[in-house]
1. Quick one: compute the contact order of the stretch 95-242, relative version, from alpha carbon pairs under 8 angstrom and 6+ residues apart, as a percent.
2. Test of understanding: express the Cα radius of gyration of the stretch 84-123 as a ratio to 2.2 N^0.38 Å, with N the residue count.
3. Quick check on packing: order 131-138, 99-106, 61-68, 162-169 by the mean number of other C-beta atoms within 10 Å, highest mean leading.
4. For the stretch 60-210, which whole percent of the accessible surface, found with a 1.4 angstrom probe, sits on carbon and sulfur atoms?
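The values are calculated or read from the model by the stated rules, or taken from the named source; none is laboratory data. No experiment lies behind these values; they were computed from the predicted model shown. Methodologically, a virtual Cβ is constructed for each residue, glycine included, from the backbone with ideal geometry; neighbour enumeration extends over all protein chains shown. What goes into the accessible areas is simple: the full protein's heavy atoms, side chains included, and nothing from ligands, DNA or RNA. Shrake-Rupley method; radii C 1.70, N 1.55, O 1.52, S 1.80 Å.
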Amino acid sequence: MSEPHSVNHFPRLVRNRPDIRYTGTIHEGFRTLDRILVSDVPIFHYGYAQEDDRKDSRFERNRRMTLKNVEDNPDDPLAYYYAATTCLSSNLHEDAERYFLKMIEMADPEHPRQKHFYQMANTHLATLAVLQHDYETVECFARAAIQPAPSYLDPWLRLGEACFFLEKHWEAERAFRKFLDILKNNTEGIQVTKYTLYLTDEAHYAHFFLGRLAQLRDDDPAAVSHYEKSVQPRAEGQLGRA
């Protein structure tokens, strides 16, 4: 997995029964599964990684379908989430931000089906704010993503980044270390989660900032240790499940 990738644990192989059917207009899923077996068998999906003429047409098809889904289901927060992620994939950042904000406005963070989408929407908004160097907004969305379930990996990295640039150095160090701890737990064993994880290959980034933080407190040995880890080759097989 040398290219950027995401990791998720969603049902992919099901029995051929008439009562088990995909539902939804796009990003279809199953709603009638009563038992699920968690497997360590990886399934690699390259559909959105192909750099050819099909990529643009696929994104345009998805954009049309997700916007139609919003029209047909204006009261469904997930319709706005899928529209946002499709716009994000096409680098339509303003449209993506608008749909993510609409989604978190409508969603119930305690709802079993909406909770993880609510958190992922906040994380995406934090990432979009990073592109604008608006670190107060990054911190706000990252904390909102963490609050319902602190075991969610991605927002801890964004929180650390925001706190570093806001000169909240103790909080930044805590966030980066928390990110590395959660990443280690996921790397050493399958941690079942409904979140899609995008930042599974960013340990070097966390170590770089931890090195800078160590320098600020004049701890040169710790700084050197983190900087060395920040330039190490990516660990073989690190979370290469999709």
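1. Details: 177 pairs, mean separation 23.4, N = 148.
Taking the mean separation of contacting Cα pairs over the length of the stretch 95-242, I get 16 percent.
2. On the way: Rg = 10.2 Å, N = 40, 2.2 N^0.38 = 8.9 Å.
That works out to 1.14 for the stretch 84-123.
3. Details: 131-138: 14.6, 99-106: 20.2, 61-68: 16.4, 162-169: 17.9.
The packing order, highest mean first, is 99-106, 162-169, 61-68, 131-138.
4. Answer for the stretch 60-210: carbon and sulfur cover 49 percent of the accessible area.
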